[in-house]
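Before any comments, here is the structure.
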Amino acid sequence: MHSIIQGKVWTFGNNIDTDQIYPGRYLELTEHSDIAKHAMEGADSNFIKEFIKGGIIVAGDNFGCGSSREHATITLKNAGVSAIVANSFARIFYRNAINLGLPVITCDGILSKVKKGDTISIDLQSGIIRNLDNNVVIEGDKLSEHVLNIIERGGVIPFFKKDL
Amino acid sequence: MHAIEKILARASGNERVAAGEIVTAKVDMAEVNDLYLQVVKSFKEMGGQKVKHPDKVCFVLDHYAPAPTIQSATNQKAMREFVQEQGIKYLFDINEGVCHQVMPEAGIVFPGMVLVATDSHTTTHGAFGAFGTGVGATDLATILISGELWFRVPEVIKIQIDGIPQKGTSAKDIVLHIIGKLGPSIAVYKAIEYCGSTVENMSIDERMVLCNMAVEMGAKTSYIQPDDKTMRYIKSKIDREFEIFTTDKDYKYAKEYYFNVADLTPQVAKPDNIDDVDGIDNVDKVEVHQAFIGTCTGGRLEDIEVAVQILKGKTINPRTRLVVIPASKGVYLQAVQKGYIEELIKAGATISAPGCGPCLGAHQGVLAPGEYCVTTSSRNFPGRMGSTEAKIFCVSPATAAATALEGRLADPRKYILMEE
């Protein structure tokens, strides 16, 4: 994967929990293509209709709080979300995202620097985020080498397979 | 070192570990629930053929117990087959109840262990001095293959609780109050240790509630130092060797908070945020359509006991439904033997099979648009228990029972005080 990700921004607020990302009534689904159809349904029912693949989710504090359901990351990844930038992430969600190779970048105050519809680029190596609409440059947290390695291989499954 | 660090040091074969360090720890018990057929899928995708330690794995079919749809039945069937084919030692089928109640009752939880489960409320097991944490499916699959998982050693936040709570307030009120004060992300990537005289006086059931809800502050794990009460419980369940760790006197906590709960009133987390908490006196007494007593947070024997104390010989409000789901078969059986279930049915309750029930919005009492619910479960996120247009109040079992009686959000203290 490229270490630069570019896409249109879709914004959310604070404490977007896993029930909003992927409502509990769909937890029995197991096919990733079926799971993808319900991304963010509990927070914004227009998301799945209007989201353009490759787009980037930008959110406030504690994104992904709540349940350990991996469906929450599966749904976003398979809906075509290319990265998530937030003030902070809930621990299990963060781990699940890395495990599936979905880049998650912590960047305090990001919501004040970008708005819905802006195009941003993220350099995963340096954590530098550029708002291409107004040329504002924002410094996000760097991913650790271990995490970057997992993401570059497309998640922990291929990573693990290689080591077996 | 903190006791939690000593647990991770033992499990990772290190003499010392420190907060921030990444360690690979051997997992003493890995639990998979029936939301996670993905665990089996990831295991196979990774090239897994044989589960490394089938005696250290359990499957608990609790979220869809019994299966409400063909899809969930099919997922459970595939899990039973995986358990059989891999020789996995523990299968708790749909007759057993919620994992966090079932596992301690079955004697597979002990102090000093590393317990990893596909459920965020695995922090519950800190009540027994275990390191319990929740992960997703793919992390759990790596444990099935390797028997290990990497962890970042967490900083520890100390929460000291003192004071004798009033009649009618319980561990649930205390932890809601704490979350209301500290917020839902205070402990992200960190651990929470509870201590103080109130915690010492609490029963094991109540301590489990405190630890269970630690994840609602973002905690990775939680901890209560095992004492005589813990040991009596553990010894009644298991006969095996384990080590109890204690925190060094010079350990420096990341943060320390102090709460005195002597004057605390029953607490309510209002829709739709678990940290939007206020005392019952300050909350509008809205009409409530459903009261739910159950789950890994509020479905234990003491919870059912307090509901019976309030409801015995009375009838719930005809406009309100009361759903009661014992957390486990063990709880259910005791509640039957003590006559509690009979009293609840007479009062108008609907009793459902042990398990998670409507907590995750899948079955056994989901909410319609526009409905209000009080629940003893742990989350009031929009859409958590059904429609995103339903409103959820998180309360104690006593408050839920009083509310079912009055048909409106109600203060349980008057009923409990009357009993004295």
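Couple of notes before you dig in:
- At most 14 other Cβ within 10 Å, DSSP loop - GluC sites (Glu not before Pro), the range B:205-276: B:241, B:243
- Normalised by the number of residues in chain B, the average gap of Cα pairs under 8 Å and 6 or more apart makes the relative contact order 17 percent.
- Using a Förster distance of 45 Å, the FRET efficiency for residue B:150-residue B:314 (Cβ separation, nearest 0.05): 0.25
- The alpha carbon gyration tensor of the range B:86-202 gives principal lengths a ≥ b ≥ c with a/c of 1.5 or higher and a/b greater than b/c, which makes the shape prolate.
- Whole-number Å³ per residue for the convex hull built on Cα positions in the protein assembly as shown: 141 Å³
- Per the accessible-area calculation with a 1.4 Å probe, the total area buried between chain A and chain B rounds to 3400 Å².
- Of B:6/B:41; B:172/B:229; A:161/B:56; B:172/B:220, those spanning more than 25 Å from alpha-carbon to alpha-carbon: B:6/B:41
- Rounded to 5, the percent of DSSP beta bridges in chain B classed as antiparallel: 20 percent
- Solvent-accessible area lost in complex, 10 Å² minimum, residues of the range B:42-56 relative to chain alone, 1.4 Å: B:45, B:46, B:47
- Under 18 Å of direct C-alpha separation, and excluding same-chain neighbours fewer than eight residues apart, residue A:142 reaches these aspartates and glutamates: A:61, A:108, A:123, A:152, B:21.
- For the protein assembly as shown, carbon and sulfur atoms together expose 48% of the accessible surface, with a 1.4 angstrom probe and every protein chain in place.
- Sparse packing (at most 15 other Cβ atoms within 10 Å of the Cβ) combined with a DSSP loop state is found for the following trypsin sites (Lys or Arg not before Pro) in the range A:84-164: A:115, A:116.
- Cα-based shape type of the range A:13-70, given that a ≥ b ≥ c are square roots of the gyration tensor eigenvalues and the cut on a/c is 1.5: oblate
- Normalised by residue number, the volume inside the convex hull of the Cα atoms of the range B:1-62 is 129 Å³ per residue.
- Residue A:149 paired with residue B:406, simple spin-label distance in nm, labels 7 Å along Cα-to-beta-carbon: 5.9 nm
- Surface accessible to a 1.4 Å probe, per residue, for the residues of the protein assembly as shown, Å²: 36 Å²
- Equivalent ellipsoid, chain A (semi-axes from 5 times Cα gyration tensor eigenvalues, Å): 22, 20, 14
- Heavy-atom accessible area ranking, 1.4 Å probe, most first, across B:200, A:145: A:145, B:200
- For the cross-link pairs B:158/B:252; B:26/B:237; B:190/B:255, the ones whose C-alpha atoms lie over 19 Å apart are B:26/B:237.
- Net charge of Cβ neighbours under 9 Å - reference residue B:118; Lys, Arg +1; Asp, Glu -1: -3
- Pairwise label distance in nanometres, residue A:142 with residue A:115, each label 7 Å out on the Cα-Cβ vector: 3.4 nm
- Along chain B, longest interval not containing exposed trypsin sites (Lys or Arg not before Pro), exposed being DSSP loop plus at most 11 other Cβ atoms within 10 Å: B:51-239
- Alpha carbon convex hull of chain B, volume per residue in cubic angstrom: 131 Å³
- Net charge of the neighbourhood of residue B:384, taken over other residues with C-beta under 9 Å away and scored Lys/Arg +1, Asp/Glu -1, is -2.
- Each Lys or Arg adds one and each Asp or Glu subtracts one; over the other residues with Cβ under 11 Å from the Cβ of residue B:252, this totals -1.
- Ratio of Rg to Rh over the range B:286-338 (Cα coordinates, Kirkwood Rh, two decimals): 0.99
- Cα-projected label distance for residue A:125 with residue B:246, points at 7 Å along beta-carbon direction, nm: 5.3 nm
- Using a Gaussian network model of chain B in which every pair of alpha carbons under 10 angstrom is joined by a spring, one finds that among B:19, B:353, B:390 the greatest mean-square fluctuation is at B:19.
The values are calculated or read from the model by the stated rules, or taken from the named source; none is laboratory data. Given the structure is predicted, the values throughout are model-derived calculations rather than measurements. Because the Cβ atoms are built from the backbone with ideal geometry, glycine has one as well, and the counts that use them run over all protein chains shown. Areas reflect the complete protein model, heavy atoms only, side chains present, ligands, DNA and RNA absent. Shrake-Rupley method; radii C 1.70, N 1.55, O 1.52, S 1.80 Å.
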